[in-house]
Structures are given as C-alpha cells and as structure tokens.
Amino acid sequence: MSGTRLELSPSWILAAAILMLHSAAGAALIAVLGNGLGVALGALFVALGMAAAWARALLASGASVRALELSGDAMTVEMQDGRKVGAELDGQRHVSRFMVTLPVRRPMRRTILVTRDMLPAQEFRLLRLWALWGRLPGVAHKQLPA
C-alpha cells in the first residue's frame, strides 16, 4: 500500500474525558481557594476544557486535524481549514489498543492524539502499525512459490 488517507471523525468519548478532567480541576480549585478567585479560576479551567474538547476531540476548530495521509515513512496532515502540511515526527510515539500519539516536530510543535473511535477498526490498525514500524504493511512483490 502506498499512500493511505485516514479521515478522522470527532470523538465524543475523548471530548467528555477532557471536559470531565478540566471540571474536576476547576472543582478542586474552588474547594482549595474557596473564595471568588477560586470560582473564577475554576470557571476558567472549565472554559479551557471546553476549548480543548472543541479543538482536539470534536475537530471543530480551523486548526484541528481532519485527515492524515501516510506514504512510506512520511506523513501529511490536513487541517480542518483545508491546509496540507508535511509533518516531521519526533521519535517517541505511544501506541496502544485505545490511542496513538504522534508528536510532530515541524512545521508546528504539537502532538496529534488519535483515539480508537476516531477511525474505523481497520484504519486504526493501519495507523498503529505505521506508528510502530514507520511504514505501512504490504504484500511482497514476488511471492515465493508454494
């Protein structure tokens, strides 16, 4: 397989987790400070969680990742606003059954988090293999005779 395009879909599970954790942090601030400043900071944490969920999990921001194009060991990132950017990845990636993290070094410094519910099962498997091996699995050009 040469050149595979993976269209990402929004993850409501990740959005809920982000919002829940930011809300817990906001509640902790309110509990610790217990005054108007604590309430204001707690509300800011919840607002930050909403913004992060909107951009990273629900893929609704213009700077959100819409698709990944994998070709050999190279990756092109397509943003929600239509820009396509060739991404240079950092060496340390996390791959599990539930998520893949792809730390991008250039041209923008960020980590792309892809959860299991953002892709169909077969495409998520391809992404996991590509993240581990640096290339997509393929069939050998010359099969050995049986």
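The values are calculated or read from the model by the stated rules, or taken from the named source; none is laboratory data. Quantities reported herein were computed from a predicted structural model and do not represent experimental measurements. Here the Cβ positions follow ideal geometry from the backbone for every residue, glycine too, while neighbour counts run over all protein chains shown.
Quick rundown of the values:
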read-out: Boolean, GLY38 is at pLDDT below 95, crowded, with 17+ Cβ neighbours inside 10 Å, outside the structural domain of LEU113 (by TED's automatic domain parsing) and not β-branched (Val, Ile, Thr); value: yes
read-out: Strands (runs of 3 or more DSSP E) lying entirely in region 39-115 (those with 1 or more residues that are farther than 15 Å from LEU129 by Cα and small (Gly, Ala, Ser)); value: 65-71, 84-89
read-out: Residue in region 42-49 that is closer than 30 Å to PRO120 by Cβ and surrounded by 14 or more Cβ atoms within 10 Å (Cβ to Cβ) present; value: yes
read-out: Near pairs, Cβ below 6 angstrom, 6+ apart or cross-chain, from region 1-29 (surrounded by fewer than 17 Cβ atoms within 10 Å (Cβ to Cβ)) to any residue that is among the hydroxyl-bearing types (Ser, Thr, Tyr); value: GLY3/SER71
read-out: Test: VAL65 is surrounded by fewer than 18 Cβ atoms within 10 Å (Cβ to Cβ) and either within 18 Å of LEU6 (Cβ to Cβ) or in contact with a helix residue (DSSP H, G or I) (Cβ under 6 Å, 6 or more places away or on another chain) (or both); value: no
read-out: Boolean, LEU89 is buried (at least 17 other Cβ atoms within 10 Å of the Cβ), in contact with a Phe, Trp or Tyr (Cβ under 6 Å, 6 or more places away or on another chain) and more than 20 Å from LEU14 (Cβ to Cβ); value: no
read-out: Near pairs, Cβ below 7 angstrom, 6+ apart or cross-chain, from region 95-119 (without any contact (Cβ under 8 Å) to a residue 60 or more places away in the chain and at negative phi) to any residue that is of a type in the set (Phe, Trp, Tyr) and not in a loop (DSSP other than H, G, I, E, B); value: ARG116/PHE124
read-out: Complete set of residues in region 53-67 that are under 16 Å from ARG109 (Cα atoms) and of a type in the set (A, V, I, L, M, F, W, C); value: ALA55, ALA63, VAL65
read-out: Filter result for LEU48 (modelled with pLDDT of 95 or more and not β-branched (Val, Ile, Thr)); value: yes
read-out: Near pairs, Cβ below 8 angstrom, 6+ apart or cross-chain, from region 121-146 (more than 12 Å from LEU6 (Cα to Cα) and of a type in the set (Asp, Glu)) to any residue that is modelled with pLDDT under 95 and not in a helix (DSSP H, G or I); value: none
